[in-house]
Amino acid sequence: RICFLRGDIENLPMGEGTVDCVISNGGFCLVPDKSKAFKEVARVLKPGGRLAIACTTLRKELPRTGQPWPSCMEVFLPL
């Protein structure tokens with residue numbers, strides 16, 4: 001069985017030790033309190049559970065073009 005839930009990673013809407021896998025696709029770089037988010041993920045994961053994070057990274061600084069980059073690109077994680 002599979003179930004997809006949407007929630008705030010700093011306050012997940014499920015009980016302790018109830019989840020096999022947590023997936024964050026492109027949003028983890030936007031989390032204000034990453035430490036709190038990791039603790040919350042650890043709380044809901046079953047023993048042996050998995051966490052998958054996909055984030056876009058930058059190899060170099062975004063070029064300044066005179067126009068602002070979309071806010072989602074301003075928070076890419078530098079390598």
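The values are calculated or read from the model by the stated rules, or taken from the named source; none is laboratory data. Since we're looking at a predicted model, the values are computed, not measured. Note that each Cβ is placed from the backbone with ideal geometry, even for glycine, and that neighbours are counted across all protein chains shown. Heads up: the accessible areas ignore ligands, DNA and RNA and are worked out on the full protein's heavy atoms, side chains in. Shrake-Rupley method; radii C 1.70, N 1.55, O 1.52, S 1.80 Å.
DSSP loop trypsin sites (Lys or Arg not before Pro) in the range 30-59 with at most 11 other Cβ atoms within 10 Å of their Cβ, which ones? Sites meeting the loop and neighbour criteria: ARG59. Relative to the longest principal axis of the Cα atoms of the chain, the long axis of helix 34-44 lies at roughly 20 degrees. Simple rule: put +1 on each Lys or Arg Cβ and -1 on each Asp or Glu Cβ in the chain, find the dipole, and look at ALA54, ALA42, THR65; the Cα lying farthest toward the positive end is ALA54.
Within the accessible area of the chain, what % is carbon and sulfur when the probe is 1.4 Å and the other protein chains stay in place? Looking at the chain in its full context, I get 56 percent from C and S. Maximal additional length on extending the ARG43-ILE23 stretch stands at 5.7 nm, based on 0.36 nm per residue less the C-alpha distance. In a simple Cβ point-charge model (Lys, Arg +1; Asp, Glu -1; nothing else charged), the chain has a dipole of about 220 debye relative to its Cα centre.
Every Cα-Cα pair of the chain was included, and the share exceeding 17 Å stands at 53 percent.
Remark: accessible surface ordering of CYS72, CYS29 (largest first) is CYS72, CYS29, probe radius 1.4 Å. Solvent-accessible area per residue in the chain equals 79 Å², computed with a 1.4 angstrom probe and all protein chains kept. Take every pair of alpha-carbon atoms less than 8 Å apart whose residues are at least six positions apart; their mean separation over the length of the chain yields a relative contact order of 33 percent.
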